[in-house]
Amino acid sequence: MRPRPYREFRWQTLPNVAFCVVRLPAPGAAELAKAVNTSSVMNNLTRYQPQALGILRIVVALTYMEHGTQKLFHFPPMPERVGGGPGGPGGGGGGGMPPMMQTIFLIAGIIEFFGGLAVLVGFLTRPIAFIVAGELAVVYWWMHVPRGGFWPVYNGGEGAILWCFTFLYLVFAGPGAFAIDNLIFRRKAAT
């Protein structure tokens, strides 16, 4: 067996900076075998993919439903910058938002609350996730882009984009574990 090369330490200095450069030996067969074992451990996580997808679906639906409860039930209250103060959708005043916007907020709230609830329990996940992803695309292009341009970091549309593509992923991936869809379609397949 060949002896391992020693580790070489060398101090280098730059103006006002001192740091150490360490040269380590190249990985041998043992290190490569450990890397292969690590990848096999990571591949074993694949068996938990349905459960992880189900948890992702549930958490995304819960956070998305919160926006629907804001619009429909005024809980949690909207900040004033969104129109939640007096006269806005979250306040008790009589004006503030034009009637057309009140109708749009009502429709968005219905989609967000009931669509989120359906995705939460995994009922008709694929078609409802498709509708919700479309609503989020409209929200991004209609509400966020005019406020700050195309880039989400400037217009505050990161959440709309992330939700849009997460729901679009659910359209293709399905509901995962813990879904009513699994019970419905399993029963139909058995009969």
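The values are calculated or read from the model by the stated rules, or taken from the named source; none is laboratory data. Remember, predicted model here, so these are calculated numbers, not experimental data. Positions of Cβ are generated from backbone atoms using ideal geometry, with glycine treated the same way; all protein chains shown enter the neighbour counts.
Worth a mention:
- The C-beta contact set for segment 133-153 (first residue closer than 13 Å to F165 by Cβ and in contact (Cβ under 8 Å) with a residue 24 or more places away in the chain, second residue surrounded by 13 or more Cβ atoms within 10 Å (Cβ to Cβ) and among the aromatic types (F, W, Y), distance under 7 angstrom, 6+ apart or interchain) comprises A133/F167; L136/W163; L136/F167.
- Close Cβ contacts (under 7 Å, 6 or more residues apart or on different chains) running from residues in segment 61-78 that are within 20 Å of Y169 (Cα to Cα) to residues that are of a type in the set (D, E, K, R) and crowded, with 19+ Cβ neighbours inside 10 Å comprise Y64/E112; M65/E112.
- Cβ-Cβ under 7 Å pairs, at least 6 apart or on other chains, segment 104-125 side in the same structural domain as L72 (by TED's automatic domain parsing), far side hydroxyl-bearing (S, T, Y): E112/Y64; F113/T69; G116/Y64; V119/T125
- Across segment 126-169, the qualifying residues are those that are among the small types (G, A, S) and in a helix (DSSP H, G or I), and the one among them that is farthest from L56 (Cα to Cα) is G148.
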